[in-house]
């Protein structure tokens, strides 16, 4: 495996609010914008890798406030799908209670580095979590499933806690 360097920091977008509901796992059909997810469309077919920052949000906490729900997207890496890297592997839509539990698990992780770090065994598999709020805002977290297992909202980064890793494994593998 190649040792890759990653800068902690990804982004936030505004999308439609997510309707509450039970977790529903499975891939979603394509044909939707690559930088956002919503409950009626689902996850982009390929990892968008970048998400435009939405200014004027306080993101000093990884997942702020009380999300109304979330969409969790897992993308293939080089190890599990070498011919389909960054393609959607699995997704789940979760209700407010499960979104809050996952948010608490992410927020409990150790603070991430503020500069470049080496992440051995990073196969480029990615997780994206699109948290939606009652006021219409969305906070997007992006992280790696292998290597250093960092998660970021574009301003704040943390290492994934064991609880977050377990919840992600249960939701999307």
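Any read-out appearing in this document is the output of simple, stated calculations on the displayed coordinates, not a laboratory observation. Small disclaimer: the values here were computed from a predicted structure and weren't measured. Every residue, glycine among them, receives a Cβ derived from its backbone with ideal geometry; neighbour counts consider all protein chains shown.
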| Taking R0 as 41 Å, what's the FRET efficiency between residue 66 and residue 46 from their Cβ-Cβ distance, rounded to 0.05? | 0.85
| message | What distance in nm separates the two pseudo spin-label positions at residue 108 and residue 84, each 7 Å out from Cα along the beta-carbon direction? | response | 3.3 nm
| note | Per the C-alpha gyration tensor (a ≥ b ≥ c, the square roots of its eigenvalues), segment 72-146 is rounded if a/c is under 1.5, else prolate if a/b beats b/c, else oblate; here it's oblate
| residue 116 versus residue 169, label points 7 Å from Cα toward the beta carbon: distance in nm? | 3.2 nm
